[in-house]
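Scroll down for the structure; my scribbles are underneath it.
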Amino acid sequence: MNPMNYIYLSCILFSLGAAGVLLRRNAIVVFMCIELMLNAANLAFVTFSRMNGALDGQIVAFFTMVVAACEVVVGLAIIVTIYRSRRSASVDDARLLRL
Amino acid sequence: MSLGTSSTLVYLIAIPLFSSAFLLLAGRALDRIGHLIGTAASASSFIVALFELNKMLGRDGESRGVTQHLFTWINVGSFQVDATLLLDQLSICFVLLITGVGTLIHIYSISYMSHDIDRRRFFAFLNLFIAAMLLLVLGNSYLNLYVGWEGVGLASYLLIGFWNQKPTYATAAKKAFVANRVGDVGLSLAVMIAFVQFGSVTFEGVAKGIEAGSASSTALNAMGAAILLAAVGKSAQFPLQAWLGDAMAGPTPVSALIHAATMVTAGVYLISRSHFVFDNAPTAQLLVVIVGAITLLFGAVIGMAKDDIKKALAASTMSQIGYMILATGLGPAGYAFAMMHLLTHGFFKAGMFLGAGSVMHGMNDEVDMRKYGALRKVMPITFATFGLGYLAIIGVPPFAGFYSKDKIIETAFNAGGSKGIILGCITLLGAVITAFYMTRVMLMTFFGTKRWDSAAHPHESPWLMTIPMILLSIGSITTGFIFSNGDRLKNFLAPVVDQHHHEHEAELLAPMVVSGLALLAVAIGISIAIAKYGRKTIPASAPTDVTIWTKIARRDLLQDDFNENVFMRPGQSITRVLAYLDKRVVDGAVSGVGAMTLRLAGDLRKTQTGYVRSYALLILLGTVAVLTAILVVTL
């Protein structure tokens, strides 16, 4: 199979993720969309690795997963804390840091 | 001229300099003995100077100068300035005058300032002045001289404003300082011209450069004019003369030392020292003569109208220095006579100032001569010493001023052509006026009827004050004869200032005729003064129904009005315009930039909505924009 198809898939996934981040209000969903974008990037890395016959991209994919896991820990903690204090997980409600 | 070296010159300057620093830093602990330390420092310096004189006289005329290299001051590429001291026949005259008269005035001040709580500070400043003045006359280059030049300016400022708790005295000090700065511009210009033209700022280097013909006559005239400007500022000559009268705000010993005997004559020294410039710059030399002639009449006219004894003496100093400057402008013939008049003047004018101080001391610091009168009986020593100084200054033989002033008048007449006749007549007229105003001072102070305030109890001053006065008056009697007998001083100075051995020019008038004319002038001056002030009683307050000319003379020939209207007020207007421009244009631009940034920031911060999603959108757009840019550039 042509490896370019994986790249196309990666682009579609990334765009879906980005659209989700921009359009959805629920923080959990936004979070999942971010994960989607990260995985799209992972897919691209692995594909390029395959295409170039080098292992660098695969290693970076592992790094990305580790970072994503850490991010999930911190991010979920923040979301839970915000939900506890405001009784809402909407990102639009938490807008105190503004003019 | 080959110069030897000496390792002791530095002590001349170092002793008073360290004493000054010590007195200032030691603080109140030294209040009880500070004046003794100061006097001892000055006296030690005088003793060193006597040793130097003794050594100098042991050598031949041509090799009498000695130098001492202290350290390399500036060393930049091919330009090198050494801090080197030079003691030759010209400097030693000054060194002896400064330390000798200086020591006498230190002794006088012990008593004169005994009631002042700041006496220690006063002596520290006096020592500072002695050190700076010695550096001025001992420097071997214009740059070394400059250091001393500024040093005496500082000491003069500090001492004029010594009683600066009085605002008018502080103003007088500032006035002297500002007028001196104008002159200093001239000296710095002269240093720059010397450096550009000759690549050297030492007297020797400049003299050699001129001899080699490496400068155009325009450059030499410019340098001469710049030196003259410096001399005019320091020596209170026309047109920078206005500060000297106000400088009398300082304690009287200061007036005697700085503003009569030494510092104000630094201009004469500078011109004599730069004789190699003026000998080759006829235009600048003519300017020197003109300045001297104007000032000698200017000062004399002011002297006629002053009722304040110190201001009358100050005007007289201005006029006498005018004589000296005039003499220096007359070329090789004049330098020695200028120096002779400078030395004799140092004695008799310092003596008269000390006499004036003694009178003020006995009269509760009253300076108005209209409040004096008939003091000769209560202050016999002051009267005698002041009287001897008086006879010396007006030029009665055999007192000092007769010899020195006579020579200047003679040289002026022999300057040649109509110039000689005009200058001769001016110097003679000056002699008439000098005799008039000095007789007036004598009559108003020591003769006539008592016009004292009821609170005044005049008495003779203590011996610490009278002894310096007596010694100075001995100087006013003898110095003239000693110096002029067999042209002693002229021959002594000849190797320094008269290297070209000019042939004797044809004499217009024989010396005897000149002496006769000068004596006639003195007699006329004295008789007018006696007719006006000796025969009539002197009103206790200055008469107001006087001619416009008297009024002008009382206002110092409108010198302050002139400076105020020509320089001060236009200067203030320019300052106001500049201040306005600064406020509106410069400040406007600066605050405009600030206001613009503020407004821009106000607009920009509206993008901070607080919506996470809009931030995310901006991040996305930014990333896309950057990636697009990279693609566009690389493809």
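For the protein assembly as shown, what proportion of DSSP beta bridges, expressed in % and rounded to the nearest 5, is antiparallel?
85 percent
Could you point to the residue in B:186, B:448, B:399 farthest towards the positive end of chain B's charge dipole, with +1 and -1 charges on the Cβ of Lys/Arg and Asp/Glu respectively?
B:448
I need the per residue convex hull volume for chain B, using only the alpha carbons, in cubic angstrom as a whole number. Let's see the in-between values first.
Working: hull volume 157.3 nm³, N = 635.
Looking at chain B, the number lands at 248 Å³ per residue.
May I ask for the Rg/Rh ratio of the protein assembly as shown, computed from Cα atoms with Rh as the Kirkwood radius, given to two decimals? Write down the numbers at each step before the final one.
Numbers: Rg = 41.4 Å, Rh = 30.9 Å.
For the protein assembly as shown, the value is 1.34.
Could you calculate the FRET efficiency of residue B:75 with residue A:1 from 1/(1 + (r/R0)^6), where r is the beta carbon distance between them and R0 is 60 Å, rounded to 0.05? If you can, show how the numbers build up before the last one.
On the way: r = 83 Å, r/R0 = 1.39.
Computed FRET efficiency for residue B:75 and residue A:1: 0.10.
What is the helix-to-structure angle for A:56-86, meaning the angle in degrees between its Cα long axis and the longest Cα principal axis of chain A, kept from 0 to 90 and rounded to the nearest 10?
10 degrees
Which of A:51, A:32, A:65 moves most in a GNM of chain A, Cα contacts under 10 Å?
Looking only at A:51, A:32, A:65, the largest GNM fluctuation is found for A:51.
How much net charge surrounds residue B:245 when only other residues with a Cβ under 14 Å from its Cβ are counted (Lys, Arg +1; Asp, Glu -1)? If you can, show how the numbers build up before the last one.
Values: positive: B:175, B:306, B:310, B:311, B:554, B:555; negative: B:246, B:307, B:308, B:556, B:560, B:561.
Net of charged neighbours comes to 0.
Label point 7 Å out from residue B:584 along Cα-to-Cβ: which residues of segment B:539-576 have amide N under 14 Å?
B:576
Check residue B:73: other-chain or 5+ apart residues with amide H under 5 Å from its amide H, H built from backbone geometry?
Distant-sequence amide H within range of residue B:73: B:81, B:82, B:83.
So, counting K/R as plus one and D/E as minus one, what does the shell of residues with Cβ under 15 Å around residue B:620 add up to? Each step should come with its number before you reach the end.
On the way: positive: A:24, B:613; negative: none.
With Lys, Arg at +1 and Asp, Glu at -1, the net is +2.
Using a/c under 1.5 as the rounded threshold, could you call segment B:250-292 rounded, prolate or oblate? The axes a ≥ b ≥ c are square roots of the C-alpha gyration tensor eigenvalues, and prolate needs a/b larger than b/c, oblate otherwise. Mind showing how you got there, number by number?
On the way: a/c = 6.18, a/b = 2.64, b/c = 2.34.
Cα axes put segment B:250-292 in the prolate bin.
Let's test the formula: R0 of 22 Å, r as the Cβ-Cβ distance of residue B:548 and residue B:425. What FRET efficiency results, to the nearest 0.05? Can you show the working numbers first?
Details: r = 25 Å, r/R0 = 1.15.
Result of the calculation: an efficiency of 0.30.
Which entries of B:490/B:551; B:174/B:419; B:311/B:583; B:311/B:407 have Cα-Cα distances beyond 32 Å here?
Numbers: B:490/B:551 42 Å; B:174/B:419 38 Å; B:311/B:583 44 Å; B:311/B:407 27 Å.
Distance filter (> 32 Å) returns B:490/B:551; B:174/B:419; B:311/B:583.
Could you pull out which residues in segment B:617-635 have an amide N less than 12 Å from a spot 7 Å beyond the Cα of residue B:607, following the Cα-Cβ vector?
Within reach of a label on residue B:607, which here means backbone N under 12 Å from a point 7 Å along Cα→Cβ, segment B:617-635 contributes B:617-623.
Helix B:612-634 sits at what angle to the longest principal axis of chain B, using alpha carbons and giving 0 to 90 degrees rounded to 10?
The angle comes out at about 80 degrees.
Which order do B:626, B:48 fall in if you start with the one that has the fewest other Cβ atoms within 10 Å?
Values: B:626 10, B:48 20.
The fewest-first ordering by Cβ neighbours comes to B:626, B:48.
Taking a ≥ b ≥ c as the square roots of the eigenvalues of the Cα gyration tensor of segment B:592-635, is the shape rounded (a/c under 1.5), prolate (a/b larger than b/c) or oblate? Don't jump to the answer; show the numbers that get you there.
Numbers: a/c = 7.32, a/b = 1.54, b/c = 4.75.
In terms of gyration-tensor shape, oblate.
For segment B:553-562, just list the computed ³J(HN,Hα) in residue order, Karplus coefficients 6.51, -1.76 and 1.60, θ = phi - 60°, integers in Hz, with x standing in for Gly and Pro.
5, 5, 8, 6, 6, 6, 4, 6, 4, 4
What angle, in degrees between 0 and 90 and rounded to the nearest 10, separates the Cα long axis of helix B:167-198 from the longest principal axis of the Cα atoms of chain B?
So the inclination is approximately 80 degrees.
Using alpha-carbon positions, what is the distance between the centroids of segment B:47-67 and segment B:347-403, in Å?
35 Å
Just subtract the alpha-carbon distance of residue B:481 and residue B:217 from 0.36 nm times their residue separation and send over the number in nm, one decimal.
On the way: separation 264, 0.36 × 264 = 95.04 nm, distance 3.94 nm.
Taking 0.36 nm per residue and subtracting the Cα distance, the gain is 91.1 nm.
Bear in mind that the values in this text are calculations on the coordinates, not laboratory data. Everything numeric in this text was worked out from a predicted model, so none of it was measured. Neighbour counts run over all protein chains shown; Cβ positions are idealised from the backbone, glycine included.
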